[in-house]
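Below: the structure, in C-alpha cells.
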Amino acid sequence: MIYLDYTSTTPVDEEVLETYIKTTHNFFANTSSLHKLGQESNYMYEKASTQVKDILGLKNYNIVYTSNATEANNLGIYGIVNKYTTGKIITTKIEHPSVYEVMKSLEKKFEVIYLDVDEKGIINLEQLEKNIDNNTILVSIMWVNNIVGTIQPIEKVIEMLKKYKRAKLHVDAVQGICKIKPKFDFNEVDLFTFSTHKIYGPKGIGGLLYKKDLSLSHYLHGSNVQYGIKPGTFDLSLIVATTKAFKKYYPEVEKNHKDIENKFNYLYSKLEQVKKIHINTPKTNISHYIINISIPNNNGETIVHYLEQNDIYVSTGSACSSKLKKPEKTIYAMTNSIEYATSSIRISLSILTTYKELDQFLNIIKKY
Ligand code: PMP
C-alpha cells in the first residue's frame, strides 16, 4: 500500500497511542468529580493544556478541546460574531469548508467579503486593506491551504489589523501546526484551531485556542466545563494524547520540514517531466507537504480510483467535500479554469513517505 493522503489524516503514532491507552487505564474518573480520583484527572487535564500552550509559546490563552477542527472553527467563528447584530467579516475564497460554510451561513446577518487569491494561491493584501474598516468584526484567514499547500502571509495580516482594534483575527492553523515554523507569533492571533489527527494523533479531538480576554458567545449550552464553550464530559485520554503529539512533533518541525521539502522537490521535478500533468501547487510560499496536480480532460475522482486500483491512495481535495463532485474551489480560485478544477488530485507527503513509494506512484501515474 502506498498512502499519499496525509493531509486528510495521518496514522496514529505508536507512542501517542500508548499515551492514550495508559491515560484511559489510569485516569478514567470524570475531571468534574470533586473526589480525589476526579481531581487527579483534572490535574492531568490542566497539565496537558498548559504544556500545549507552553509548546506554542502562548501567554494568556484558553484552550477548548473539541471533537475536531471543524467544530473548533465553528465554535470560534460563531463565538466572535454572535455577539454582534451587524458588521463586516472578511475571509478568503479558499478556506476549508469548516470555515467557508460557516461564512456562507452568516451572509444573512453580516456583510461577508471573500478575498481573491492570485495564480499562486496567495490572498490579495491590497484587497484586504481596501475592505477592512472599523465595522469589521472578524477576519478569518487560513495559515496553510489544505488543497495546494500555499502559506498565507499571516504576519502581514497581523500588522494590518493593528489599526482596527474591533476586528478579531481567526486563523485555521490545521495544516500548519507541527508541520511548518510560523513566521508570526501565535500570541498575535486572537483565535486559532488545530486538529490532532493531522499530526499523528487520534481522531475525535481538535482544539480552539483563544485569548483569555476575548469573551466568546456560547453556541452550546450546558455546564461550565471548558469555559462553557464546549461543555460536557470529555475524553481526557484524547487530550493527553494530543499533548504527547505536540511534545513529540513540535520540536521536530524544522527537521521534518527539511525532509518533506526534499521529497517534494524530488516529486515535483519528476512530475514536471510528465507532459499531460499540470502542477497546481506553486514552487514558493508553500508548506511542501502537498503537491496538487491536474490531468486535464479527466475527472479527479476517476484518477483517484485508478490509483486506488494500484493500491495508491490520494485525494481529490478536502475529504469533507470530495464526494460532492464540484470543481475544487481553491484550484478554481487560483486558475479560473473549470478544467483544472475538476481534474485535480492532491498528493500529500509525510516523514513516513519513502522515495521508493514516490517512484512507484510516478510509474503508475505516467501510465494513466
Ligand atoms: N481546516 C483545514 C485546513 C483542514 O485541512 C481540515 C481537515 N481536512 C479541517 C479544517 C477540518 O479538520 P477536522 O477533520 O479535524 O474537522
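The values are calculated or read from the model by the stated rules, or taken from the named source; none is laboratory data. Fair warning: this is a prediction, and the values are worked out from it, not measured in the lab. Backbone-built Cβ (ideal geometry, glycine too); neighbour counts: all protein chains shown.
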> What single numbered condition from (1) over 27 Å from Leu125 (Cβ atoms); (2) small (Gly, Ala, Ser); (3) under 15 Å from the mean Cα position of the chain (by Cα) fails to hold for Gly38?
Replying inline: (3)
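Against the definition (within 20 Å of the chain's Cα centre (by Cα) and surrounded by fewer than 18 Cβ atoms within 10 Å (Cβ to Cβ)), how does Tyr289 come out, yes or no? Please lay out each step first, then the result.
Working: within 20 Å of the chain's Cα centre (by Cα): yes; surrounded by fewer than 18 Cβ atoms within 10 Å (Cβ to Cβ): no.
No.
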>> If I go through the range 41-66 residue by residue, how many of them are surrounded by 16 or more Cβ atoms within 10 Å (Cβ to Cβ) and not β-branched (Val, Ile, Thr)?
In response: 13
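Does Lys93 meet the test of being in contact (Cβ under 8 Å) with a residue 12 or more places away in the chain, surrounded by fewer than 23 Cβ atoms within 10 Å (Cβ to Cβ), within 16 Å of the ligand (Cβ to nearest atom) and among the charged types (D, E, K, R)?
Values: in contact (Cβ under 8 Å) with a residue 12 or more places away in the chain: yes; surrounded by fewer than 23 Cβ atoms within 10 Å (Cβ to Cβ): yes; within 16 Å of the ligand (Cβ to nearest atom): yes; among the charged types (D, E, K, R): yes.
Considered against the rule, which asks whether it is in contact (Cβ under 8 Å) with a residue 12 or more places away in the chain, surrounded by fewer than 23 Cβ atoms within 10 Å (Cβ to Cβ), within 16 Å of the ligand (Cβ to nearest atom) and among the charged types (D, E, K, R), Lys93 comes out as yes.
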> Identify, please: which residue in the range 196-219 is in a loop (DSSP other than H, G, I, E, B) and over 22 Å from Leu169 (Cα atoms) and is, among those, farthest from the ligand (Cβ to nearest atom)?
Replying inline: Tyr200
> What about Glu40, is it charged (D, E, K, R), within 16 Å of the ligand (Cβ to nearest atom) and modelled with pLDDT of 95 or more?
Replying inline: no
>> Every residue in the range 191-229 that is of a type in the set (A, V, I, L, M, F, W, C), touching a strand residue (DSSP E or B) at 6+ places or on another chain (Cβ under 8 Å) and surrounded by fewer than 17 Cβ atoms within 10 Å (Cβ to Cβ), please.
In response: Leu214
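Restricting to the range 12-25, name every residue that is of a type outside the set (Asp, Glu) and exposed (fewer than 13 other Cβ atoms within 10 Å of the Cβ). Steps first, answer last, please.
Step one: filter the range 12-25 for residues of a type outside the set (Asp, Glu), giving 12, 16-17, 19-25.
Across the range 12-25, the qualifying residues are Ile21, His25.
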